[in-house]
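Comments concern the structure below.
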Amino acid sequence: MDYKSEFLEIFDRYVTRNGKERLLDWLCGTDFFVAPASTRFHGACECGLVMHSLNVYKLLKEKCTLGGYDYSDETIALVALCHDFCKINLYHEGTRNVKNDATGQWEKVKIYTSEDPFPYGHGEKSVFLIERFLRLTTEEAMAIRWHMGGFDDSARAGNYSIGEAFKRYPLAVMAHLADLEATYLLEKGTSTVNK
């Protein structure tokens, strides 16, 4: 099964809220199912973003089960599958010249660049985009908002909200851990532009 079909099957099976169909209609009109997950690192390849979302889903589901947390299948699917909606229409394919050490010749290689048409932050942008179509619970919104953990710009700037979110909402901690594990372990070597 391809990534898009797997994503749509999980989403359709577990998400039942009002607005689901409108969200999927919008999503299918974006680059989500073909976009990379980053410019050079994990998932910097075609379909990297949907691949990453599915990896986070599987890891978050496992963490909730092993930790004894009784979150609904819908909550796990929404948080994991939608956490990086902020990357929709963010990355663009291009080329740059690189000197081939073996031949001494300059060659064009594929790269991804980013240009954010809606610079609203990372996790908060994903929450905003999702909530244009369906309502999230407070804990779901917190998990998506803070999935970057200490890598989030506001956390690095000294914002204490992340600590409060992690203390109150275990789902936020597990979403962050699932995102880290997917990024740095499962998706190591998935870049086609940074070998």
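Sum -39500 (n - 2.57) across every DSSP H segment of at least 4 residues in the chain, then divide by the residue count to get the 222 nm mean residue ellipticity, nearest 500.
Mean residue ellipticity at 222 nm (helix-derived): -13500 deg cm²/dmol.
Roughly how many whole Å is it from the C-alpha centroid of segment 139-180 to that of segment 16-48?
If we compute the Cα centre of each part, the gap is 21 Å.
Given (1) 7; (2) 16; (3) 33, which label gives percent of Cα pairs over 32 Å apart as computed from the coordinates?
(2)
Say we join alpha carbon atoms closer than 10 Å with springs in a Gaussian network model of the chain; which of R13, R96, R40 then has the biggest fluctuation?
R96
Give the relative contact order (percent, whole number) for the chain; include only Cα pairs under 8 Å separated by 6+ residues.
Contact order relative to length: 26 percent.
Give a residue-ordered list of calculated ³J(HN,Hα) values for segment 49-62 (Karplus: 6.51 cos²θ - 1.76 cosθ + 1.60, θ = phi - 60°; whole Hz; x for Gly, Pro).
Residue by residue, segment 49-62 yields 5, 5, 4, 4, 4, 5, 5, 5, 4, 4, 5, 5, 4, 5 Hz.
Could you work out how much longer the chain between R168 and K99 gets when fully extended? Use 0.36 nm per residue separation minus the Cα distance between them, nm to one decimal.
19.7 nm
Give, in nm to one decimal, the length gained when the segment between T137 and L24 is fully stretched (0.36 nm per residue of separation minus the Cα-Cα distance).
38.8 nm
Mind checking segment 87-152 for GluC sites (Glu not before Pro) that DSSP puts in a loop (not H, G, I, E or B) and that have at most 16 other Cβ atoms within 10 Å?
Those that pass, being in a loop and sparsely packed, are E115.
Could you derive backbone 3J(HN,Hα) for segment 170-177 from the dihedral phi with the Karplus parameters 6.51, -1.76 and 1.60 (θ = phi - 60°), listing whole Hz in sequence and x where the residue is Gly or Pro?
x, 4, 5, 5, 5, 5, 4, 5
Place +1 on the Cβ of every Lys and Arg and -1 on the Cβ of every Asp and Glu in the chain, take the dipole about the Cα centre, and give the residue among S72, T103, S5 whose Cα lies farthest towards its positive end.
T103
Apply the Karplus parameterisation 6.51 cos²θ - 1.76 cosθ + 1.60, with θ equal to phi minus 60°, to every residue of segment 179-184 and state each ³J(HN,Hα) to the nearest whole Hz, in sequence, with x for glycine and proline.
5, 4, 5, 4, 5, 9
Treating the beta-carbon of each Lys and Arg as +1 and of each Asp and Glu as -1, no other charges, what is the dipole magnitude of the chain about its Cα centre, to the nearest 20 debye?
Dipole about the Cα centre, nearest 20: 320 debye.
Work the Kirkwood hydrodynamic radius out for segment 93-176: mean of 1/r over every pair of different alpha-carbon atoms, inverted, in Å.
Its Kirkwood hydrodynamic radius stands at 15.5 Å.
Among L81, L134, L171, which comes first, then next, by fewest other beta-carbon atoms within 10 Å?
Least to most surrounded, the residues fall as L134, L81, L171.
Every number in this text was worked out from the coordinates using simple rules, so none of it is lab data. Remember, it's a predicted structure, so these values are computed and weren't measured experimentally. A quick note on method: Cβ atoms are made from the backbone with ideal geometry, for glycine too, and the neighbour counts reach across all protein chains shown.
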